[in-house]
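The block underneath contains the structure these notes are about, expressed in structure tokens.
The values are calculated or read from the model by the stated rules, or taken from the named source; none is laboratory data. This structure is a prediction, so every number in the text was calculated from the model and none was measured. Neighbour counts run over all protein chains shown; Cβ positions are idealised from the backbone, glycine included.
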Amino acid sequence: MTTTMKPPIRETNARKPAETTTVQQWINECIELCQPNLVHVCTGSAEERKQLTDEGVRTGVFIRLNQEKRPGCYLHRSNPNDVARTEQCTFICTPSQDMAGPTNNWMEPKAAYSKLKTLFRGCMKGRTMYVIPFVMGPIGSPLAKVGIQLTDSLYVAVNMEIMTRVGHIVWKQLGDSEEFTRCLHSVGDCNPDRRYICHFPLDNTIWSFGSGYGGNALWGKKCLALRIASFLGQQQGWMAEHMLISGVSFAGEKTYVAAAFPSACGKTNFAMLIPPPIYRQAGWKVTTVGDDIAWMWVDEKTGRLRAINPEAGYFGVVPGTNEQTNPNAIACMSHDTIFTNVALLPDGDVWWEGKTAEPPAECVDWTGKPWTPKSGTKAAQPNSRFTAPMINNPALDASADDPNGVEISAIIFGGRRAKTVPLVFQAFNWMHGVYVGATVGSETTAAATGQVGVVRRDPMAMLPFIGYNIRDYLVHWFRMRKKMSDCPRIFHVNWFRKNDKGQYIWPGYGENIRVIKWIIDRCHGRAYAVETPLGWMPRRQDIDLNGLNIVDADFDEMQKVDLEAFKAEIAGQEELFLKLAGDLPKEMIFQRELLISRL
Ligand code: OXD
Ligand code: MN
């Protein structure tokens, strides 16, 4: 491939960048810094996939699963200290701390580069460097972006090939441009004390050391598609959001919605929702454009918001997934899937809590130890994952790969809240909707390390992913309104409200279509709602509860706006407001005053 690289380059049929390009120069610099023994340029081809997975099996990175039951599927066990995103090790590196804002850890770029250089120096000796050229977004889309990730993790290389568009097309998408995200990654010695996930938005660069976990190491995902992209979006007038995109069809009409939920709050389930039989028989269908991330821009011709999913696969939470809760996800992971940290059955298949009503009599748990139901531990790690290509999804939307994306009619925010927050309400308008999104609270889950189950403010479900100052992020949201002649309607949902016995009141999963139907009807001006201090709310008769085991009192409880509880909720929002003290966008203060006066 080139004479300037010292380590042997594994021959591939990838069309490589010319030796003199910025891409090649940057790769050479990184090779010099990390000193790998071998450089492998990824092509994304099926033959290469086989070569990499064979190598993974040989070296213990992967366990080949029963190929009759799960063709093309492998299990990976991570280091037990490396099973979730580590927000405390995640940094935004900008010249001033103000650019990163109060919700991000900050490092000055020179200091960060110098600290990480000492870690990267020689870190790939004896290892292979995988060069992964990838595109985020359908090829040719106005928002598609090129990234190149250099990594010493075979697991990351195989996962990136599922999650993004890898190979020849990258050079075509890049053309003569020098605009690509430079992603340098090493698992290092996987020591949590030497773990850094550093973003340099002004350099379009990410350096990450010491973790192989998806959210820390698959850069198409949170690092590029959210942190770097949110910064680029603010500069260039578009939005990168932690949102699924679904198409909802009925009677020849298709409406696209985007929905933001904090991690592990059912986004993948929503994106792949299968309506219950009476709805299916009536012709309702939900199709998936994306399950985690939306890049959105305003179409100049129509003045409406359009969205693409920058990813090409799913990195979904496995526990709790079964034929009832998410049959489409089960289909996705039936072949050509990488499982991370699930349990291994004696027949070479996989298992996780919630897969079957009865646990297996025995299996090997996610740490590699023998397990029985009496072990008193979880067989699968609570944040265990599947990585599957989107083409595996039986409900993939026909426009999932359309460079022009889809037009978004509704934006739905939601959190996991046992109390206080109703099943559904609609914001009065975009500005109010931004306030509703900005004040989303949710009980924490296993997707990030730290305490599980405490309510944390998670603006737009983006708290860990905003790559710049949250003040400017919120202002950007407010300003986007001016670009649109007809903006999406904004809603808030809570599928997780519990009764006094601690049981969920709403059945969730496929039955959520009943709430989505009201949302869609509102977008098209067809559904009734009453005005409440929180926003527009359906009456009991406006949501179809037919066939559900929900009595009027349950519905009233779910939709109750308890003024006292809401005053406490507003006090709970202080957490966010105090962080933003002195920097709060004026519109946020105004919306808060309006809410207090309505209550
Ligand atoms: C994810 C997350 O993995 O949000 O999608 O943590
Ligand atoms: Mn996510």
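The listed residues are 207, 219, 238, and the only one of them that is within 16 Å of ligand 2 (Cβ to nearest atom) and of a type in the set (Phe, Trp, Tyr) turns out to be 219. State all residues of the range 279-289 that are more than 16 Å from ligand 1 (Cβ to nearest atom) and either at pLDDT below 95 or of a type in the set (S, T, N, Q) (or both); if no residue qualifies, say none. Within the range 279-289, 281, 287 qualify. Determine if the range 192-201 includes at least one residue that is aromatic (Phe, Trp, Tyr) and surrounded by 24 or more Cβ atoms within 10 Å (Cβ to Cβ). No, because not a single residue in the range 192-201 is aromatic (Phe, Trp, Tyr) and surrounded by 24 or more Cβ atoms within 10 Å (Cβ to Cβ). Of everything in the range 29-54 that is polar (S, T, N, Q) and in a helix (DSSP H, G or I), the residue that is surrounded by the fewest Cβ atoms within 10 Å (Cβ to Cβ) is 51.
All of 455, 440, 436 fail the test of being among the aliphatic types (A, V, I, L, M) and at pLDDT 95 or above, apart from 436. Looking only at residues in the range 290-325 that are under 10 Å from the mean Cα position of the chain (by Cα) and part of a loop (DSSP other than H, G, I, E, B), the one that is nearest to ligand 1 (Cβ to nearest atom) is 292. Among the residues here, residue 478 qualifies as touching a helix residue (DSSP H, G or I) at 6+ places or on another chain (Cβ under 7 Å), assigned by TED's automatic domain parsing to the domain that holds residue 432, among the aromatic types (Phe, Trp, Tyr) and surrounded by fewer than 20 Cβ atoms within 10 Å (Cβ to Cβ). The set of residues in the range 451-497 being under 21 Å from residue 256 (Cα atoms) and either of a type in the set (D, E, K, R) or not in a loop (DSSP other than H, G, I, E, B) (or both) consists of 460, 461, 477, 480, 481, 483, 486, 489, 490, 491, 492, 493. The single residue among 422, 382 that is more than 20 Å from residue 271 (Cα to Cα) and within 16 Å of ligand 2 (Cβ to nearest atom) turns out to be 382.
Looking at 231, 270 in this structure, which one is more than 18 Å from residue 487 (Cα to Cα), within 14 Å of ligand 2 (Cβ to nearest atom), assigned to a helix (DSSP H, G or I) and not β-branched (Val, Ile, Thr)? Don't jump to the end; show me each part of the working.
Numbers: 231 fails: within 14 Å of ligand 2 (Cβ to nearest atom).
Criteria check complete, one pass: 270.
Count of the range 326-354 residues, restricted to those that are away from ligand 1 (no atom under 16 Å from the Cβ) and within 24 Å of residue 398 (Cβ to Cβ), is 7. Within the range 253-267, residues that are touching a residue at least 40 places away in the same chain (Cβ under 8 Å) sit with their Cβ atoms under 7 Å from residues that are among the aliphatic types (A, V, I, L, M) and near ligand 1 (Cβ under 9 Å from one of its atoms), at 6+ positions apart or across chains, in these pairs: 260/461; 261/461; 262/461; 263/447; 263/448; 264/317; 264/447. Scanning the range 569-599 for residues that are loosely packed, with under 12 Cβ neighbours inside 10 Å and closer than 19 Å to residue 454 by Cα turns up 571, 574, 578. Among all positions in the range 532-550, there is at least one residue which is part of a helix (DSSP H, G or I) and in contact with a helix residue (DSSP H, G or I) (Cβ under 7 Å, 6 or more places away or on another chain).
Among the residues of the range 403-421, those identified as of a type outside the set (A, V, I, L, M), surrounded by fewer than 22 Cβ atoms within 10 Å (Cβ to Cβ) and touching a Lys or Arg at 6+ places or on another chain (Cβ under 9 Å) are 404, 407, 417, 419, 420. Out of all the residues in the range 238-251, is one or more more than 12 Å from ligand 1 (Cβ to nearest atom) and assigned to a helix (DSSP H, G or I)? No, the conditions are met nowhere in the range 238-251. Tallying residues that are within 12 Å of residue 319 (Cα to Cα) and outside any strand (DSSP E or B) within the range 348-365 yields 5.
Check whether at least one residue in the range 98-116 is closer than 23 Å to residue 152 by Cα and over 28 Å from the mean Cα position of the chain (by Cα), and report yes or no. Checking the range 98-116: at least one residue is closer than 23 Å to residue 152 by Cα and over 28 Å from the mean Cα position of the chain (by Cα).
Pairs are defined by a Cβ separation below 6 Å, a sequence spacing of at least 6 or placement on different chains, a first member in the range 70-99 that is not assigned by TED's automatic domain parsing to the domain that holds residue 579 and among the hydroxyl-bearing types (Ser, Thr, Tyr), and a second member that is part of a helix (DSSP H, G or I) and surrounded by fewer than 21 Cβ atoms within 10 Å (Cβ to Cβ); the pairs so defined are 74/53. Of all residues in the range 163-191, exactly one satisfies the criterion of being surrounded by fewer than 19 Cβ atoms within 10 Å (Cβ to Cβ) and basic (Lys, Arg), namely 172.
The set of residues in the range 384-433 that are small (Gly, Ala, Ser) and either over 23 Å from the mean Cα position of the chain (by Cα) or assigned to a loop (DSSP other than H, G, I, E, B) (or both) comprises 384, 395, 398, 399, 400, 405, 415, 418, 427.
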